[in-house]
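This report refers to the structure that appears directly beneath it.
The values are calculated or read from the model by the stated rules, or taken from the named source; none is laboratory data. Nothing here was measured: the structure is a model prediction, and the numbers come from that model. Note that each Cβ is placed from the backbone with ideal geometry, even for glycine, and that neighbours are counted across all protein chains shown. Quick note on the areas: whole protein, heavy atoms, side chains included, nothing else; ligands and nucleic acids left out. Shrake-Rupley method; radii C 1.70, N 1.55, O 1.52, S 1.80 Å.
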Amino acid sequence: MSTKRLSKVDTLRGEIEIPGDKSISHRAVMFGAIANGTTKISNFLMGEDCLSTVDCFRKMGVEIEVNEGSVTVQGKGYEGLQEPVHILDVGNSGTTTRLMLGILAGTDFHSCIIGDESIAKRPMSRVTNPLRLMGAKIDGRNDGDFTPLAVRGKELNGVEYNSPVASAQVKSAILLAGLRTNNELTIVNEPHKSRDHTERMLRAFGVEVLEEDTKVSLQGGQTLKATSIFVPGDISSAAFFLVAGAIVPNSEIILKNVGINPTRTGIIDVLIQMGASIEIIKNEDNEFEPIADIIIKTSELKGITIGGDLIPKLIDEIPVIALLATQAEGETIIKDASELKVKETNRIDTVVGELAKLGANIEATDDGMIIKGRTKLSGNATVSSHGDHRIGMMLGIAACITDGEIDLHDYKAIDVSYPDFFAHLEQLAK
Ligand code: S3P
């Protein structure tokens with residue numbers, strides 16, 4: 001297992017370019033693969049998760065050229081996808097699994113999906129059940145809830161689906177399957193609006209998508225036309241340095257070209273509410289996804305309550321928000337976040353367990369956690385990512401402010417979304 005020894009830094013100063021957004025990179029490859037023509041993607045995230053998506057679509061006969069952050073996808077339409085001779089291996093990537101299920105359901109061939117140990121524990125019935133309502137034929141462990149999954153592609157029917165969970169992965173899988181129907185597909189009653197990258201990108205590929213609050217619909221049978229996609233920096237990766245800049249003494253960090261899609265900016269709302277010194281300088285609009293440079297400085301912070309509509313806008317940032325809260329005066333309550341239990345790890349358990357090892361005053365609740373600050377974190381501890389990239393990076397930032405060294409086990413898990421994470425941290429450390 002990979003282990004890295006980490007120690008405190010005096011200050012963090014300088015500018016970094018945040019790598020491409022993971023959600024958008026996955027979608028650009030998938031949509032390019034089912035579009036007609038050549039899709040060019042720039043600032044693509046060269047993380048293991050997105051490369052798993054590339055690998056799966058190559059196994060379905062799609063020509064994909066990857067050259068650092070430039071990716072060219074030769075799409076031949078939905079019909080151009082070929083029956084994979086090999087099993088589609090999604091690695092650690094839930095987004096690949098769930099969105100690809102929506103595509104595979106409407107093909108005319110058979111396919112199998114496997115992933116790593118973490119994927120094998122993540123619930124897939126939230127996607128396979130609605131797809132079955134549309135006529136999909138999917139089987140797997142526990143009646144199609146867990147990988148390995150087998151899909152027999154079929155003609156599908158549009159439905160009106162009442163979504164019980166605010167999940168962009170679920171919504172996106174259903175929308176992608178909806179393209180393969182002859183009627184209308186509607187998703188209603190998402191408890192809170194989830195990220196809308198699929199809706200935005202489908203439009204960029206020429207598909208008409210209607211949206212009204214949390215209701216999304218499209219007419220089946222529409223085809224995608226290839227386009228060019230610039231992938232903004234991932235705000236979920238930027239979040240680690242936003243928190244680092246706020247909690248490490250005497251720091252000032254400039255994060256360049258960060259995506260600020262309003263369905264993703266909960267971390268900015270939280271930093272502002274906690275009293276952080278943060279400045280957002282909006283760039284001229286990228287056509288489909290807004291972008292900004294963000295400046296963060298060391299800040300005096302106060303505890304707040306985070307819940308409700310805000311949760312889907314920051315669900316992936318909660319591990320590092322918990323760390324932030326240890327450095328805020330007073331109590332921070334994170335609630336309505338039981339989705340944390342079905343991420344790459346059970347993030348209520350892993351966040352609380354690992355931060356407690358560093359001396360944080362943190363307690364798990366049924367749907368989140370309560371953190372009391374401000375606590376001086378102490379090192380001389382061994383912590384683990386538990387194979388979860390966001391836990392690994394949160395601990396990497398925690399080590400910047402702990403007295404005494406920290407051994408971080410399984411730090412390589414970070415490569416799924418931010419292979420340059422420690423290089424960027426070293427670049428900023430003065
Ligand atoms: C993602 C959606 C979120 C997020 C995940 C990526 C996406 O999951 O946690 O990292 O790309 O659609 P849910 O849709 O399950 O909330």
(request) Place a +1 charge on the Cβ of each Lys and Arg in segment 141-216 and a -1 charge on the Cβ of each Asp and Glu, then give the dipole magnitude about the Cα centre in debye, rounded to the nearest 20. (result) 340 debye
(message) Please give me the summed charge of the neighbours of HIS424: other residues whose Cβ is under 14 Å from its Cβ, Lys and Arg +1, Asp and Glu -1.
(response) -3
(request) Classify segment 351-430 as rounded, prolate or oblate from the Cα gyration tensor: take a ≥ b ≥ c as the square roots of its eigenvalues, call it rounded if a/c is under 1.5, otherwise prolate when a/b beats b/c and oblate if not. (result) oblate
(request) Give the cross-link partners of LYS412 among the lysines, using a straight C-alpha distance below 23 Å as the criterion and excluding same-chain residues fewer than 8 apart. (result) LYS4, LYS8, LYS22, LYS121, LYS341, LYS343, LYS357
(request) Starting at the first residue of segment 164-169, write each ³J(HN,Hα) from the Karplus equation 6.51 cos²θ - 1.76 cosθ + 1.60 with θ = phi - 60°, in whole Hz, x for Gly and Pro. (result) x, 9, 7, 9, 5, 5
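How would segment 103-186 be classified by its alpha-carbon gyration tensor: rounded, prolate or oblate, with rounded meaning a/c under 1.5 and the a/b versus b/c comparison settling the rest?
It comes out oblate by the Cα gyration axes.
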(request) Collect residues whose amide H, placed 1.01 Å from N in the peptide plane, falls under 5 Å from the amide H of ILE260; neighbours closer than 5 in sequence don't count. (result) ILE291, ALA292
(request) Show the residues, 5+ positions off or on another chain, whose built amide H is closer than 5 Å to the amide H of SER2. (result) ASP410, TYR411, LYS412
(request) With a ≥ b ≥ c taken as the square roots of the eigenvalues of the C-alpha gyration tensor of the chain, please select rounded if a/c is under 1.5 and otherwise prolate if a/b is larger than b/c or oblate if it is not? (result) prolate
(request) Post the alpha-carbon centroid distance, segment 329-351 to segment 202-256, in whole angstrom. (result) 23 Å
(request) Filter the trypsin sites (Lys or Arg not before Pro) in segment 112-157 down to the DSSP loop ones having no more than 10 other Cβ atoms within 10 Å, then list what survives. (result) none
(message) Can you tell me, using C-alpha contacts under 8 Å and at least 6 residues apart, the relative contact order of the chain as a whole percent?
(response) 18 percent
(request) Leaving ligands, DNA and RNA out of it, report the carbon-plus-sulfur percent of the accessible area of segment 1-71 at a 1.4 Å probe. (result) 41 percent
(request) Count the net charge of all other residues whose Cβ sits under 13 Å from the Cβ of SER172, scoring Lys and Arg as +1 and Asp and Glu as -1. (result) +3
(message) Which one, ILE260, GLY233, GLN273, is farthest towards the positive end of the dipole of segment 180-275 when Lys and Arg carry +1 and Asp and Glu -1 on their Cβ?
(response) GLY233
(request) Report, in debye and to the nearest 20, how large the dipole of segment 382-430 comes out about its Cα centre when Lys and Arg carry +1 and Asp and Glu carry -1 on their Cβ. (result) 140 debye
(message) Pairs of alpha-carbon atoms within less than 8 angstrom and 6+ residues apart define the contacts here; what relative contact order does segment 1-123 have, in percent?
(response) 23 percent
(request) With a 1.4 Å probe and every protein chain left in place, tell me how much accessible area LYS376 has, in Å² to the nearest 10. (result) 140 Å²
(request) Would you check the accessible area of GLU284, probe 1.4 Å, heavy atoms only, in square angstrom rounded to 10? (result) 150 Å²
(message) Once neighbouring chains are kept in place and the probe is 1.4 Å, which whole percent of the accessible area of segment 335-430 is contributed by carbon and sulfur?
(response) 44 percent
(request) Skip the ligands, DNA and RNA, and give the accessible area per residue of the chain with a 1.4 Å probe, whole Å². (result) 37 Å²
(request) Search the structure for amide H atoms under 5 Å from the amide H of GLU190, placed 1.01 Å from N in the peptide plane, and list their residues when 5 or more places away or on another chain. (result) SER163
(message) Taking the 0 to 90 degree range and rounding to the nearest ten, how far is the long axis of helix 22-34 tilted relative to the main principal axis of the chain, both from C-alpha atoms?
(response) 10 degrees
(message) Please give me the summed charge of the neighbours of CYS50: other residues whose Cβ is under 12 Å from its Cβ, Lys and Arg +1, Asp and Glu -1.
(response) -4
(message) Taking loop as defined by DSSP and a crowding limit of 15 other beta carbons within 10 Å, which GluC sites (Glu not before Pro) in segment 125-214 fit?
(response) GLU155, GLU208
(request) On the full set of protein chains, 1.4 Å probe, figure out the accessible area of MET201 and give it in Å² to the nearest 10. (result) 10 Å²
(request) Determine the share of segment 172-267's accessible area contributed by carbon and sulfur atoms, expressed in whole percent, with a 1.4 angstrom probe. (result) 45 percent
